[in-house]
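Student: Quick one: the structure is below, questions incoming.
The values are calculated or read from the model by the stated rules, or taken from the named source; none is laboratory data. Note that the structure is a prediction, hence the values are computed from the model and not measured. With ideal geometry, Cβ positions are generated from the backbone for all residues, glycine too; neighbour counts draw on all protein chains shown.
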């Protein structure tokens with residue numbers, strides 16, 4: 001049976017595993033999430049920030065103490081004044097829509113122990129300038145960073161195998177992103193309307209690029225597609241024309257674009273060098 005306690009600022013629910021923040025004040029500017037809270041039986045470790053605990057509050061800065069391992073679904077969603085979150089090295093999980101719509105958020109350093117980022121976790125964080133996802137992360141949900149209009153650069157971990165649907169869609173300021181070598185799939189609308197994106201270097205090993213993945217990326221001047229490419233979704237490169245070395249138009253198919261590098265401007269990219277081939281046996 002759970003117990004509900006307060007430290008004078010935050011409300012907590014306590015069970016046999018530890019304490020979870022369940023409610024935060026609506027009007028506090030700065031909130032410190034403690035490492036422990038006093039219950040009827042003595043101090044209890046704080047392990048989690050619960051679902052919607054801070055949602056819609058006017059908090060401007062949050063410091064999360066060491067020991068917390070989880071930020072739950074929608075924990076900070078709609079905190080439109082939140083500009084800074086200090087995360088502990090113990091944090092492992094960030095739930096879906098955890099920071100959705102935190103439009104003033106500019107400072108969110110992800111800790112090295114992080115393992116999972118949920119769907120839409122940072123979607124519509126319009127002021128977030130950059131994000132470096134640590135190498136321990138093996139799962140990033142769909143639309144995780146969509147609508148981060150100010151994000152100019154992003155670093156992704158080597159452990160992920162997919163760029164999920166819509167992950168960076170509408171990141172209008174994104175100039176570059178390195179796609180890890182272990183990725184085998186780029187989802188639908190993954191980079192849709194990344195208006196400032198200069199280069200799409202899709203590494204060898206990627207087998208499918210989803211529909212609309214690089215649609216309306218009007219600043220692309222370099223595209224490199226792997227010979228491992230087997231599937232190219234409809235409108236994956238909508239707005240771009242690809243030409244072969246002789247200037248002839250190429251169809252948007254794996255057979256025509258796979259294993260080739262292209263350069264150009266104003267939506268017209270021409271093949272440079274010879275096509276690469278991978279021979280498959282068996």
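Student: Collect the residues in the range 187-202 that are buried (at least 18 other Cβ atoms within 10 Å of the Cβ) and over 17 Å from residue 117 (Cβ atoms), keeping them in residue-number order.
Tutor: Narrowing the range 187-202 to residues buried (at least 18 other Cβ atoms within 10 Å of the Cβ): 187-194, 197, 200, 202.
Once the filter is applied, which keeps residues that are buried (at least 18 other Cβ atoms within 10 Å of the Cβ) and over 17 Å from residue 117 (Cβ atoms), the range 187-202 yields 188, 189, 191, 192, 193, 194, 197, 200, 202.
Student: Under 6 Å by Cβ, and 6 or more places apart or on different chains, what pairs join a residue from the range 78-107 that is at pLDDT below 95 with one that is part of a strand (DSSP E or B)?
Tutor: Close Cβ pairs satisfying both conditions: 107/84.
Student: Oh, and also: Within the group 132, 127, 72, which residue is closer than 22 Å to residue 182 by Cα and either in contact (Cβ under 8 Å) with a residue 60 or more places away in the chain or outside the structural domain of residue 191 (by TED's automatic domain parsing) (or both)? Outline the logic, then answer.
Tutor: Working: 127 fails: closer than 22 Å to residue 182 by Cα; 72 fails: closer than 22 Å to residue 182 by Cα.
Only one candidate passes the filter, namely 132.
Student: Taking residue 264 as the residue in question, decide whether it is exposed (fewer than 15 other Cβ atoms within 10 Å of the Cβ), over 18 Å from the mean Cα position of the chain (by Cα) and not in a helix (DSSP H, G or I). If you could, list the steps in order and put the result at the bottom.
Tutor: Numbers: exposed (fewer than 15 other Cβ atoms within 10 Å of the Cβ): no; over 18 Å from the mean Cα position of the chain (by Cα): yes; not in a helix (DSSP H, G or I): yes.
No, not satisfied.
Student: Another question about this same structure. Please return the ranges of strands (runs of 3 or more DSSP E) entirely within the range 142-246 where 3 or more residues are under 23 Å from residue 270 (Cβ atoms) and assigned by TED's automatic domain parsing to the domain that holds residue 262.
Tutor: Details: elements: 153-155, 176-178, 199-201, 222-224, 241-243.
Where strands (runs of 3 or more DSSP E) fall fully within the range 142-246 and carry at least 3 residues being under 23 Å from residue 270 (Cβ atoms) and assigned by TED's automatic domain parsing to the domain that holds residue 262, they are 199-201, 222-224, 241-243.
Student: Further question on the same structure: All but one of (1) part of a loop (DSSP other than H, G, I, E, B); (2) under 18 Å from residue 151 (Cβ atoms); (3) touching a strand residue (DSSP E or B) at 6+ places or on another chain (Cβ under 6 Å) hold for residue 85; state the number of the condition that does not hold.
Tutor: (1)
Student: Now for a separate question. Take the conditions within 29 Å of residue 159 (Cα to Cα) and part of a loop (DSSP other than H, G, I, E, B) and apply them to residue 55. Does it pass?
Tutor: Considered against the rule, which asks whether it is within 29 Å of residue 159 (Cα to Cα) and part of a loop (DSSP other than H, G, I, E, B), residue 55 comes out as no.
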